[in-house]
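Worksheet for the structure shown next.
Every number in this text was worked out from the coordinates using simple rules, so none of it is lab data. Values in this document were obtained by computation on a predicted structure and should not be read as measured data. Every residue, glycine among them, receives a Cβ derived from its backbone with ideal geometry; neighbour counts consider all protein chains shown.
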Amino acid sequence: MKTQLYSFWRSSAAFRVRIALNLKGLDYEVIPVHLVRQGGEQISVEYANKNPNLLVPLYTDGTHTIHQSLAIIEYLDEIQVSTPLLPQTAIDRAWVRAIAMDIAIDIHPLSNLRVLRYLVRNLNISVEAKDIWYEHWMSLGLTSLETQLSTDSRVGRFAYGDQPGLIDICLVPQIFNALSAKMDMKDFPTLMRIYRECMQLPAFINASWEKQIDAEGLNPPTPPEE
């Protein structure tokens, strides 16, 4: 059975897993789960029976089912040892995981669709105030990443050395979000350099929004000129 990834084209977490699967050269089938239509297909009984946390991505190989993007990515890295996504040494693996978590745990949840929707629908926050919230937390997180990645000797062509890995997998979807929100990215030259390097690779290009079978006619966000 071909592995399956339950995904939404604009989901940052699903985007990460698509990149990882592509980098690993693993064949997979995307099963679209629309997070907006009819209140969100992720809250349907059918999907809830598969994934009680009502989020994407969800990965299955017919025998095993895994949720949470970072758990899926590390699982893929362990079962397919070629094209490693994590460094060899324990201290460097810890550094890479920490920065990936800065993105996946600190930045992303505060700009997640269900959080933004709750602010507007349940707390009656205006769309303008919601956008201010979004940009504040995104900018704060990206500033921290820029500081870390612009000063560490482990950074090479990519976030760790000269091969793409876990940090890049998490960074690119977050930059897509920032560009889509038309954030000013001039203060993040290191992040944008790494982003551009990644977006020359088929693994990242083919995982991007506009390449998905459930994409809804939105062009990829255009980065500013270097």
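Among Ala215, Ala159, Ala13, which one moves the most in a GNM of the chain with springs linking Cα atoms closer than 10 Å?
Ala215
Using the Karplus equation 6.51 cos²θ - 1.76 cosθ + 1.60 (θ = phi - 60°), what ³J(HN,Hα) coupling, rounded to whole Hz, does each residue of the stretch 52-61 give in order, writing x for Gly and Pro?
So the J values, rounded to whole Hz, are x, 7, 6, 9, 10, x, 9, 10, 9, 10.
Below 8 Å between Cα atoms, with a sequence gap of 6+, how large is the relative contact order for the stretch 3-79 in percent?
37
Counting just the Cα atoms, what span does the stretch 1-44 cover along each of its three principal axes? Round to the nearest Å and put the largest first.
Principal extents (largest minus smallest coordinate, Cα): 34, 24, 11 Å.
Can you list which of the trypsin sites (Lys or Arg not before Pro) found in the stretch 105-155 are DSSP loop residues with at most 16 other C-beta atoms within 10 Å?
Arg154
Only loop residues by DSSP count here, and only those with at most 14 other Cβ atoms within 10 Å; note down the GluC sites (Glu not before Pro) in the stretch 174-219 that meet that.
Hits after loop and neighbour filter: Glu216.
Take Thr143, project a point 7 Å from its Cα along the Cβ direction, then tell me which residues of the stretch 166-199 have their backbone nitrogen under 13 Å from it.
Within reach of a label on Thr143, which here means backbone N under 13 Å from a point 7 Å along Cα→Cβ, the stretch 166-199 contributes 187-188.
For the stretch 1-113, give the magnitude of the charge dipole about the Cα centre (Cβ charges: +1 Lys/Arg, -1 Asp/Glu; no others), in debye to the nearest 20.
About 200 debye.
At Asp152 and Val115, where each label point lies 7 Å from the Cα along Cα→Cβ, what is the point-to-point distance in nanometres?
Computed distance between label sites Asp152 and Val115 equals 2.1 nm.
Give the calculated FRET efficiency between Ala215 and Asn53 to the nearest 0.05, with a Förster radius of 22 Å applied to their Cβ-Cβ distance.
E between Ala215 and Asn53, to the nearest 0.05, is 0.35.
Evaluate the distance, in nm, between pseudo-label points positioned 7 Å from the Cα of Asp187 and of Arg93 along their respective Cα→Cβ axes.
3.5
With a cut-off of 8 Å between alpha carbons and a minimum separation of six or more residues, what is the relative contact order of the stretch 90-160 in percent?
32
Quote the charge dipole size of the chain about the Cα centre in Debye, to the nearest 20; the model charges only the Cβ of Lys and Arg (+1) and of Asp and Glu (-1).
Approximately 340 debye in magnitude.
Ile105 to Trp133: extension gain in nm, 0.36 nm per residue of separation minus the Cα-Cα distance?
Additional length available on full extension: 8.4 nm.
For the stretch 3-79, divide the Cα radius of gyration by the Kirkwood radius and give the resulting Rg/Rh value with two decimals.
Looking at the stretch 3-79, the ratio lands at 0.95.
Using modelled amide H (1.01 Å from N, peptide plane; none on Pro or chain starts), what sits under 5 Å from the amide H of Ser7, excluding residues fewer than 5 places away?
Ile31, Val33
Just to verify a number: FRET efficiency for His64 and Ile43, C-beta to C-beta distance, R0 = 22 Å, to 0.05?
Efficiency, rounded to the nearest 0.05: 0.40.
Could you give log10 I(q)/I(0) at q = 0.11, 0.14, 0.18 Å⁻¹ for the chain, computed by the Debye formula over C-alpha point scatterers of equal weight, without solvent?
Results for the chain at q = 0.11, 0.14, 0.18 Å⁻¹ read -0.54, -0.89, -1.47.
Percent relative contact order of the chain, based on C-alpha pairs within less than 8 angstrom and at least six residues apart?
Relative contact order of the chain: 23 percent.
Scanning the chain for helices, which whole DSSP H stretches are 27 Å or more long along the axis (Cα) and average -0.5 or more by Kyte-Doolittle?
Those that clear 27 Å and a mean of -0.5 are 127-151.
Under a Cβ-Cβ cut-off of 12 Å, what is the net charge of the residues other than Val56 that fall near it, where Lys and Arg count +1 and Asp and Glu count -1?
Neighbour charge sum, excluding Val56 itself: +3.
How big is the gap, in Å, between the Cα center of the stretch 114-150 and the Cα center of the stretch 11-83?
24
By how many nm would the segment from His34 to Asn124 lengthen if fully extended, with 0.36 nm per residue of separation less the alpha-carbon distance?
Between His34 and Asn124, full extension yields 30.0 nm more.
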